[in-house]
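What follows is a short report on a single structure.
The values are calculated or read from the model by the stated rules, or taken from the named source; none is laboratory data. Just so we're clear, the structure is a prediction, and the values are computed from it rather than from any experiment. Positions of Cβ are backbone-derived with ideal geometry, glycine not excepted, and every protein chain shown enters the neighbour counts. Quick note on the areas: whole protein, heavy atoms, side chains included, nothing else; ligands and nucleic acids left out. Shrake-Rupley method; radii C 1.70, N 1.55, O 1.52, S 1.80 Å.
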Amino acid sequence: FFPFTVGGITLEADTYPTFCKTLEIFANVARKRPDIEVIIKPKGPERWFRPWKKDADQAFAQAGIEPDKIKNLIINWDLDPHELILSADVVSGINTTTILEAGVAGRAVVVPYFDKLRDPKYDDRIYLRTELHRFDVGETAEQFEQLLLERIESPFVPVSVLVHRQQMFNKYVSSTEANATERTILLM
């Protein structure tokens, strides 16, 4: 899971309950599936991780969860996102191009898009909002958790979906044709 943050430029403090619920869901999935690793990879470096961790610690405490006691729940900002994507069956995130990278890598992608995140005041601040249908979208907390569990069991992504994800990646990130340098030179 590549989590979002609250209280910053993108999302305001009123999304904190959604942030909390999302972390609780990942702890629940880890407990329900002790046979897999559930990895939460917040943004680094350390100076960005510290405020996120403070919010996350509070969220876990409010839910009565001790993440350090869930052996297969790993929280670490200092992991290579590309290695994580390539080793994962399922990737989750919102407001990050990582979901596009996971999408073109053929991974199942489950997006937490529920509660306050769906508030119209955030329409212009939820990245790729109009194209989230290219992924599995949890429109409620319950649906989000269920989709995670289902995709862990069956991470297959149809080729037709992969084609659309590649088009999105080309549009928003970079060409998958390995011609990014040539495209940049043409734009100069």
Positions within the stretch 1-54 being closer than 19 Å to Asp89 by Cβ and open to solvent by 80 Å² or more (accessible area, probe 1.4 Å), in sequence order | Arg31, Lys32, Pro34, Asp35, Glu37
Strands (runs of 3 or more DSSP E) fully within the stretch 85-188 counting 1 or more residues that are of a type in the set (Val, Ile, Thr) and modelled with pLDDT under 95 = none
Taking the stretch 64-79 and keeping only residues that are of a type in the set (S, T, N, Q) and either surrounded by fewer than 12 Cβ atoms within 10 Å (Cβ to Cβ) or within 16 Å of the chain's Cα centre (by Cα) (or both), one is left with Asn76
